[in-house]
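Below is one structure; the comments refer to it alone.
The values are calculated or read from the model by the stated rules, or taken from the named source; none is laboratory data. Computed from a predicted structure; not experimentally measured. Here the Cβ positions follow ideal geometry from the backbone for every residue, glycine too, while neighbour counts run over all protein chains shown.
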Amino acid sequence: MGFERAAIWALLRNPVLGVEALRAGWAMRRRGGLFPSDVYLRWRVATAYGDDLTTTRGHDLVNYLEWRRGMRRIRRGSWES
C-alpha cells in the first residue's frame, strides 16, 4: 500500500489524528502557500531515513502525529485524554 493510501486509512480510523494532521500542515506552511517547501521536505526525509529520495511510510506519519499531539498536551499541562 502506498504512503497516501496508508495515511488516509490511518486518519480515517482515528479522526483525532486528522485534526492533528491539519494542525501540523498549518504549522509547516510557508508564507504565500499551504505546503512546506520541497527543500524542507527533502531535508526532513533525509534526516528520517538517511536518503532524501526515500518514500515515506504511512505508519511514520501516524507516529509523528501521535507524538506531536502528545507534546502539545504535555506543554498545556493536560496529562489526561
_Of all residues in segment 9-34 being surrounded by 10 or more Cβ atoms within 10 Å (Cβ to Cβ) and touching a Gly at 6+ places or on another chain (Cβ under 8 Å), the one that is modelled with the highest pLDDT_ = Leu12
*Across segment 35-55, which residue is modelled with the highest pLDDT among those that are hydroxyl-bearing (Ser, Thr, Tyr) and assigned to a helix (DSSP H, G or I)?*
Thr47
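Out of all the residues in segment 46-71, which are without any contact (Cβ under 8 Å) to a residue 24 or more places away in the chain, under 17 Å from Ala21 (Cα atoms) and of a type in the set (A, V, I, L, M)?
As a first pass, look at segment 46-71 and keep what is without any contact (Cβ under 8 Å) to a residue 24 or more places away in the chain: 46-54, 60, 63, 67, 70-71.
Checking which are under 17 Å from Ala21 (Cα atoms) leaves us with 60, 63, 67, 70-71.
Within segment 46-71, just Met71 meets the criteria.
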*Return yes or no: is Arg69 assigned to a helix (DSSP H, G or I), touching an Asp or Glu at 6+ places or on another chain (Cβ under 7 Å) and either of a type in the set (S, T, N, Q) or at pLDDT 80 or above (or both)?*
yes
